[in-house]
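K.L.:
Input: one structure, supplied below.
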Amino acid sequence: MAVVIIGAGFGGILAGIKLKAAGIDNFVILEKDDGVGGTWWANTYPGCACDVQSHLYSYSFEPNPDWTHMFGRQPEIRDYLRRCVDRYDLTPHIRLATTVRRAEWQEGESAWRVRTEGGEEYVAPVLLAAIGGLSRPAWPDIPGRDRFAGPSFHSAQWDHSVDLAGKRVAVIGTGASAIQIVPDIADDVDQLYLFQRTPPWVIPRPDRRVSRFEKWLYRKLPVTQKLWRWLLYWRLEGRATAFVVFPRMAAIVQWLGRWNIRRGIKEPALRLKVMPEFPAGCKRVLLSDDYYPTLARDKVHVVNRRIREITATGVVTSDDVETPVDVIIWCTGFKATDPVPEGLFVGRQGLDLTQRWRGGLEAYLGMSVSGFPNLFILNGPNTGLGHNSVVFMLEAQIRYVMDALATMKSGDLPVLEIRRDVESAYNARLQERLAGTVWASGCRSWYLDENGRNTTLWPGYTVEYWWRTRRFDPARYTCPVIGHGAGEQIS
Ligand code: NAP
């Protein structure tokens, strides 16, 4: 085995496609879930959709002329990835329902030894971690969470056996997941209580069905879809200007957000309740046309008091009032600044990645971490985006990884590890740049870790990332071993 890939989402599938294209066939993709798609397999909540246009949120080399909407729905995106797996014949490489328990660097073998929960073992010189930045659900530390007697689940682990019809439902959180769920379940439920801690900025979503003519055109004249993708890319890329260059441009987004509130809600008290009080962009800007009208419905109640505890029968807020509910849905997000469980990645000299990252996540170009030779992380630290498609970032990362593999092979460099000085200088500069952005303007968000460091987002235009990753530079890496290790080499 030359390469072990962990995760069969957008990143892992892309890695498989590109490895095959490079003639590397001895790789395996280990996936903990029962199907492929990563986040688009796991998140099945009602209303789940992408807030980046699908013609852009897809592989550049695999356009889909048949997207039904501008913003693809979860089943459609999951099916797209499944089709990619079929088209590139990746199924023989994928092991589903295979959770990796530990991946450990073996100094003597110059290889990663990867053990799964089922007891299988894979040894490969190269490890690709495509586990996603938003795959570990975050549960807030609210007393009594386990005391609730009714059904209660996280948005990313939707329990489809629970019928919400006629139920009193509590939704906790008002992030990207919640604002899609609330409008979608409101018809069914008897009463919906939305527990809001911080009202988000929600602007209109320019969604529409893709017409039959457009689909026909994209099929007959693929260049038109390429052009559309290109236009979408530059339109979204322009948003980085507001986030990183002129944070004052957030005023435009705020104007749109306020307009969205006014058109959706008539009652002044409710308008006030949902009015954000931080600069737009500091937290992810959300897109929805039906969120505010749903909040205005009689059966929907926005509760903006702190949650004090959960009882067997409901949610108690800071004013000592208990709201009795039948179901609780936790839309409380993901451990974005703590994406890796302890003991999963163990590098040189037994160094655990969580230990290495104790002071905060960091990597060179989001992919390479010192002490962890031949490990490449996809969607790693500071490669997330607040303004454009992460698939673009993934494609840049894979191109870099493929160049690294080619360098390893041609230069007879079986082990490559990022130099600590290069990694440190890179991250110091990154943090300097992030200091002046809208994300550092004072709100609490999943972009920031507990020390207030932004360890998740790329601080600029994606074009810059593309440029910086276009070529692998071995001079930035050390090669502690010359010659071949025991692990099977990249073929
Ligand atoms: P999120 O944006 O992190 O939102 C979590 C929500 O839970 C926030 O409103 C947060 O309030 C609230 N919360 C956390 N702890 C709480 C507590 N103790 N009491 C009350 N409220 C609490 O999570 P998410 O909605 O799952 O989205 C995460 C990310 O996933 C998104 O930003 C996006 O990148 C991605 N996503 C994308 C889409 C899409 O493409 N449309 C959809 C879903 C998710 P505070 O704001 O006060 O912290």
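K.L.:
Is there any pair linking a residue in region 11-35 that is of a type outside the set (A, V, I, L, M, F, W, C) to one that is part of a strand (DSSP E or B) and open to solvent by 10 Å² or more (accessible area, probe 1.4 Å), with Cβ under 7 Å and at least six apart or on different chains, and which?
P.N.:
Matching pairs, first to second residue: E31/I94; E31/R95.
K.L.:
Right, here's the next one. Criterion first (within 16 Å of the ligand (Cβ to nearest atom), open to solvent by 50 Å² or more (accessible area, probe 1.4 Å) and in contact (Cβ under 8 Å) with a residue 60 or more places away in the chain) does G384 satisfy it?
P.N.:
No; evaluated as a whole, the condition is false for this residue.
K.L.:
Filter region 442-451 down to the residues that are open to solvent by 50 Å² or more (accessible area, probe 1.4 Å) and not basic (K, R), then identify the one that is farthest from L127 (Cα to Cα).
P.N.:
Step by step, filter region 442-451, then rank; the result is G442.
K.L.:
Among the numbered criteria (1) farther than 22 Å from V52 by Cβ; (2) at pLDDT below 95, which single criterion is violated by T198?
P.N.:
(2)
K.L.:
Any idea how many residues of region 75-87 are within 16 Å of the ligand (Cβ to nearest atom) and either under 19 Å from R212 (Cβ atoms) or open to solvent by less than 10 Å² (accessible area, probe 1.4 Å) (or both)?
P.N.:
Number of matching residues: 4.
Every residue, every condition in (1) at pLDDT 95 or above; (2) in contact with a Leu (Cβ under 8 Å, 6 or more places away or on another chain); (3) polar (S, T, N, Q), yes or no:
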residue	(1), (2), (3)
P414	no, no, no
E423	yes, no, no
N427	yes, no, yes
A440	no, yes, no
N451	no, no, yes
T455	yes, yes, yes
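K.L.:
From (1) within 30 Å of P151 (Cβ to Cβ); (2) buried (at least 19 other Cβ atoms within 10 Å of the Cβ), pick out the condition that doesn't hold for K335.
P.N.:
It fails just one condition, (2).
K.L.:
For the condition modelled with pLDDT of 95 or more and away from the ligand (no atom under 16 Å from the Cβ), what is the one hit in L227, L192?
P.N.:
L227
K.L.:
Same structure again: Filter region 12-29 for residues that are in a loop (DSSP other than H, G, I, E, B) and either of a type in the set (F, W, Y) or closer than 13 Å to I94 by Cα (or both) and give the result. Show your work before the answer.
P.N.:
Of region 12-29, the ones in a loop (DSSP other than H, G, I, E, B) are 22-26.
Those that are in a loop (DSSP other than H, G, I, E, B) and either of a type in the set (F, W, Y) or closer than 13 Å to I94 by Cα (or both): D25, N26.
K.L.:
Looking only at region 427-441, count every residue that is more than 19 Å from K283 (Cβ to Cβ), crowded, with 19+ Cβ neighbours inside 10 Å and not aliphatic (A, V, I, L, M) and tell me the total.
P.N.:
1
K.L.:
Moving to a separate point now. Condition first: closer than 19 Å to L134 by Cα, in a loop (DSSP other than H, G, I, E, B), open to solvent by less than 20 Å² (accessible area, probe 1.4 Å) and away from the ligand (no atom under 12 Å from the Cβ). Can you find one or more residues in region 50-60 that meet it?
P.N.:
Yes, some residue in region 50-60 is closer than 19 Å to L134 by Cα, in a loop (DSSP other than H, G, I, E, B), open to solvent by less than 20 Å² (accessible area, probe 1.4 Å) and away from the ligand (no atom under 12 Å from the Cβ).
K.L.:
Still on this structure: Find all pairs meeting these conditions: Cβ atoms under 7 angstrom apart; at least six residues apart or on different chains; first residue within region 348-360 and farther than 17 Å from N382 by Cβ; second residue among the aliphatic types (A, V, I, L, M) and not in a helix (DSSP H, G or I).
P.N.:
Listed pairs, sorted by first residue: D352/V346; T354/V340.
K.L.:
Next question, about the same structure. Any residue in region 254-275 that's of a type in the set (K, R): show its pairings with residues that are open to solvent by less than 100 Å² (accessible area, probe 1.4 Å) at Cβ separation under 6 Å, as long as the two are six or more apart or on different chains.
P.N.:
If the second residue must be open to solvent by less than 100 Å² (accessible area, probe 1.4 Å), the pairs left are R271/I261; R271/I265; K273/V302; K273/N304.
K.L.:
Restricting attention to region 6-37, and to residues there that are under 18 Å from R83 (Cβ atoms) and among the β-branched types (V, I, T), which single residue is farthest from the chain's Cα centre (by Cα)?
P.N.:
Looking at the filtered set, the residue picked out is I17.
K.L.:
Looking at the structure I just gave you, is R219 free of Cβ contacts under 8 Å to residues at least 40 places away in the same chain and not assigned by TED's automatic domain parsing to the domain that holds P324?
P.N.:
No: the conditions fail for R219.
K.L.:
To continue, here is another question. Which of the residues belonging to region 395-426 are touching a strand residue (DSSP E or B) at 6+ places or on another chain (Cβ under 6 Å) and either open to solvent by 50 Å² or more (accessible area, probe 1.4 Å) or of a type in the set (S, T, N, Q) (or both)?
P.N.:
Residue satisfying the conditions is R419 alone.
K.L.:
Just to verify a result, which residue in region 116-135, among those that are under 26 Å from the mean Cα position of the chain (by Cα) and more than 13 Å from E31 (Cα to Cα), is most open to solvent (accessible area, probe 1.4 Å)? Steps first, please.
P.N.:
Looking only at region 116-135, we keep the residues that are under 26 Å from the mean Cα position of the chain (by Cα), and these are 116-117, 126-135.
Checking the rest, the ones that are also more than 13 Å from E31 (Cα to Cα) come to 126-127, 133-134.
Details: V126: 0, L127: 0, G133: 25, L134: 69 Å².
Within region 116-135, the match that is most open to solvent (accessible area, probe 1.4 Å) is L134.
K.L.:
Next question. Has region 38-48 got any residue that is over 17 Å from the mean Cα position of the chain (by Cα), on the phi > 0 side of the Ramachandran plot and not assigned by TED's automatic domain parsing to the domain that holds I185? Break it down into steps so the answer makes sense when it comes.
P.N.:
Keep residues of region 38-48 that are over 17 Å from the mean Cα position of the chain (by Cα), which gives 46-47.
Applying the additional criterion that residues be on the phi > 0 side of the Ramachandran plot yields 47.
From what's left, not assigned by TED's automatic domain parsing to the domain that holds I185: 47.
Scanning region 38-48, I find at least one residue that is over 17 Å from the mean Cα position of the chain (by Cα), on the phi > 0 side of the Ramachandran plot and not assigned by TED's automatic domain parsing to the domain that holds I185, so the answer is yes.
K.L.:
Tally the residues that are aliphatic (A, V, I, L, M) and either closer than 19 Å to G264 by Cβ or within 11 Å of the ligand (Cβ to nearest atom) (or both), restricting the search to region 287-328.
P.N.:
The total comes to 9.
The values are calculated or read from the model by the stated rules, or taken from the named source; none is laboratory data. Note that the structure is a prediction, hence the values are computed from the model and not measured. With ideal geometry, Cβ positions are generated from the backbone for all residues, glycine too; neighbour counts draw on all protein chains shown. Protein only, heavy atoms only, side chains kept; ligands, DNA and RNA dropped before computing areas. Shrake-Rupley method; radii C 1.70, N 1.55, O 1.52, S 1.80 Å.
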